[in-house]
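Everything below concerns the one structure shown next.
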């Protein structure tokens, strides 16, 4: 994943065939953060906390559903990824970068939570012999984080003065 060209409305990003497939796979994992993870407060201070928590849960569920649909439609857009020599290019509208980073972050954090929120993170060799699911969450966390960092780097290097 690298910046091919920057214009005012869009960044033209180049992927290898494998990166393109992994990028789509990561995005399709959204949402990954468990619904019950977001809490208004760890301690109940108000008699209305349950009602407020329910409102938060409903708002987040609606946002997740809307963003999941947006991701799926975005990936299905004809010619989203245009085949070029050595891989694929795609135009990322600058207006789409915030929600795309949000999706990548959700997948990264959700995968970390499914690993049990380890601190420090396990090394890959520590996962050998453990259930396959743990390894998959670790890989998904790392790949989503890598795409997130690369996209942030592209945004920084693709700024137009």
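The values are calculated or read from the model by the stated rules, or taken from the named source; none is laboratory data. Keep in mind the model is a prediction, meaning the values are calculated, not measured. Here Cβ is always computed from backbone atoms with ideal geometry, including for glycine, and neighbour counts include all displayed protein chains.
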field: Flag for residue 96 being surrounded by fewer than 16 Cβ atoms within 10 Å (Cβ to Cβ) and part of a loop (DSSP other than H, G, I, E, B)
entry: no
statement: Restricting the range 116-161 to residues that are in a loop (DSSP other than H, G, I, E, B) and either in contact with a strand residue (DSSP E or B) (Cβ under 7 Å, 6 or more places away or on another chain) or modelled with pLDDT of 95 or more (or both), the one nearest to residue 34 (Cα to Cα) turns out to be 158
message: Against the condition touching a strand residue (DSSP E or B) at 6+ places or on another chain (Cβ under 6 Å) and surrounded by 13 or more Cβ atoms within 10 Å (Cβ to Cβ), how does residue 91 come out, does it pass?
response: yes
task: Filter the range 125-161 for residues that are touching a residue at least 60 places away in the same chain (Cβ under 8 Å) and exposed (fewer than 11 other Cβ atoms within 10 Å of the Cβ) and give the result.
output: 159, 160
message: Looking at residue 36 and the list (1) part of a loop (DSSP other than H, G, I, E, B); (2) on the phi < 0 side of the Ramachandran plot; (3) modelled with pLDDT under 90, which single condition is not satisfied?
response: (1)
